[in-house]
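The values are calculated or read from the model by the stated rules, or taken from the named source; none is laboratory data. From a predicted model like this one, the values you see are computed outputs, not experimental measurements. Virtual Cβ from ideal backbone geometry, glycine too; neighbours counted across all protein chains shown.
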Amino acid sequence: MSQHTVDGLVVNYIVKEMRPLSTVEKPAFREMITGINPAVTVMCRKTLSNRLDDSFQRMQQNLKSQLADVKYVCTTADIWTVNRKSYMGMTVHYMKGGEDLSRLSAALAFRRFLGSHTYEAIAEMISAIHSSYGLTVDKITATVTDNASNFGKAFREFLFQLPADEELRDDVDIVNAGEVLSACEVDELDICLPPHETCCSHSLNLLAAVDADKVSDTAYKRQYRAAIAKCTTIWNTTHRSSKASDAVKLITDKAIMAPGATRWNSQYDSLKQLLQIGTKLNDVCQALNTPQFKKAELECLNEYVSVMQPVAVALDKLQGEKTAYFGHILPTFHMVVTKLKAMQKRYSYTVSHLWLPCWKAWRGGFTKSCHSVAQPPTRL
């Protein structure tokens, strides 16, 4: 095996496994490489850093060349914070073109986001990333983000629009709109953003996770919040204590799954798992020394999970990476609304009727979401 091949494999390993650059200086790693082929040498950390920079430049140039031959693209943007540091990530999605309609995706950027997440700073970074790949606003059909208000305001304030006095009139020459749009250069004072779309999966997740807590019905709210509080106590206790987690596993033969804000459907999945414990749930509460569930609270949680089930299925379908398409959105929303309507008759004979406020809230939220999604973008 040649030195060139070994160097390529080492760089590939560091990138794909997301290993620290210091890996190549670890004695065990160097021993492994030289043990496979004593004739080769292991690059140092500085050499690895230079190789990674060169690889990045080649990859970026290849992506620019590919995007230059594509007529339309769609981009996504997201901001998150971890270890007290904020980052922006952007991706691009496009079709190969011609007879090959394969959908391709690539990462555009992963950058540190310094300072406050203001709409101006967001707009500036998105526009700069688009510009760095030669993506003009006439080429981008839309940029998809979550429902954060700062994203929404960024696109409302900096959405590129032709001036009103440039509308077509009989005495005005017709010009190529693409040339006008391409002339929009990005600088500190001139930021142009393409049309904006919010992520349907994120909207569904917000609807499922937030609307249940907005119900004004006093009886439902009291039972729901009391039940969720007891569930949260179990989740927190098992998450923070290995002893508590081992005690639960001894009783149920499974680890308790806790919901997370960044994992969609996580509250539904976590509640469903707790309810599947069945009669052993109060044994778990006793072992953890947490409040036990009342019968009415368990009924409330069971009805919550039942009403939530169509939403969870729809969310799993729409957040797929390979099989989710724009044309799936309205049929999926229609399926959810239809199932929620069917529940009205099915659950009308229940004793508690705690499902009704939750059902009304979700159905109202879905109706609003469907009206928003049903407006076809003129660019499509």
- request: Would you please list the contacts, defined by Cβ atoms under 8 Å and residues six or more apart or on different chains, that run from a residue in the range 70-85 that is part of a loop (DSSP other than H, G, I, E, B) to a residue that is of a type in the set (Ser, Thr, Tyr) and surrounded by 14 or more Cβ atoms within 10 Å (Cβ to Cβ)?
  value: 70/94; 72/94; 72/141
- request: Just give me the residues in the range 1-49 being assigned to a loop (DSSP other than H, G, I, E, B), without any contact (Cβ under 8 Å) to a residue 12 or more places away in the chain and surrounded by 13 or more Cβ atoms within 10 Å (Cβ to Cβ), in sequence order.
  value: 19, 26
message: Restricting to the range 105-163, give me the number of residues that are in a loop (DSSP other than H, G, I, E, B), closer than 15 Å to residue 75 by Cβ and either over 18 Å from the mean Cα position of the chain (by Cα) or basic (Lys, Arg) (or both).
response: 8
- prompt: Hey, does the range 259-273 have a residue that's outside the structural domain of residue 144 (by TED's automatic domain parsing), surrounded by 17 or more Cβ atoms within 10 Å (Cβ to Cβ), free of Cβ contacts under 8 Å to residues at least 60 places away in the same chain and farther than 29 Å from residue 341 by Cα?
  reply: no
field: Given (1) closer than 21 Å to residue 61 by Cβ; (2) charged (D, E, K, R); (3) modelled with pLDDT under 90, number of the condition residue 146 does not satisfy
entry: (1)
query: Does the range 250-294 hold any residues that are of a type in the set (S, T, N, Q) and part of a loop (DSSP other than H, G, I, E, B), and which are they?
result: 262, 265, 289, 290, 292
- request: Would you confirm whether any residue within the range 298-319 is charged (D, E, K, R), assigned to a loop (DSSP other than H, G, I, E, B) and either modelled with pLDDT under 85 or closer than 26 Å to residue 146 by Cα (or both)?
  value: no
Verdict on residue 324 being touching a His at 6+ places or on another chain (Cβ under 9 Å), under 29 Å from residue 204 (Cα atoms) and not polar (S, T, N, Q): no
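Each row is one residue, and each column tells you yes or no for (1) of a type outside the set (Gly, Ala, Ser); (2) more than 20 Å from residue 254 (Cβ to Cβ); (3) buried (at least 16 other Cβ atoms within 10 Å of the Cβ); (4) under 26 Å from the mean Cα position of the chain (by Cα).
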position	(1), (2), (3), (4)
280	yes, no, no, no
290	yes, no, yes, no
299	yes, yes, yes, no
308	yes, yes, yes, yes
323	yes, yes, no, yes
335	yes, yes, no, yes
340	yes, yes, yes, yes
- prompt: Would the range 104-112 turn up any residue that is free of Cβ contacts under 8 Å to residues at least 60 places away in the same chain and in contact with a Gly (Cβ under 6 Å, 6 or more places away or on another chain)?
  reply: yes
- prompt: With (1) surrounded by 15 or more Cβ atoms within 10 Å (Cβ to Cβ); (2) touching a strand residue (DSSP E or B) at 6+ places or on another chain (Cβ under 9 Å); (3) under 19 Å from residue 193 (Cα atoms) as the list, and residue 124 as the residue in question, which single condition is left unmet?
  reply: (2)
query: Give me the pairs: first residue in the range 145-171 and under 13 Å from residue 123 (Cα atoms), second residue modelled with pLDDT under 90 and in a helix (DSSP H, G or I), beta-carbon distance under 9 Å, and six or more apart or on different chains, which are they?
result: 145/202; 160/181
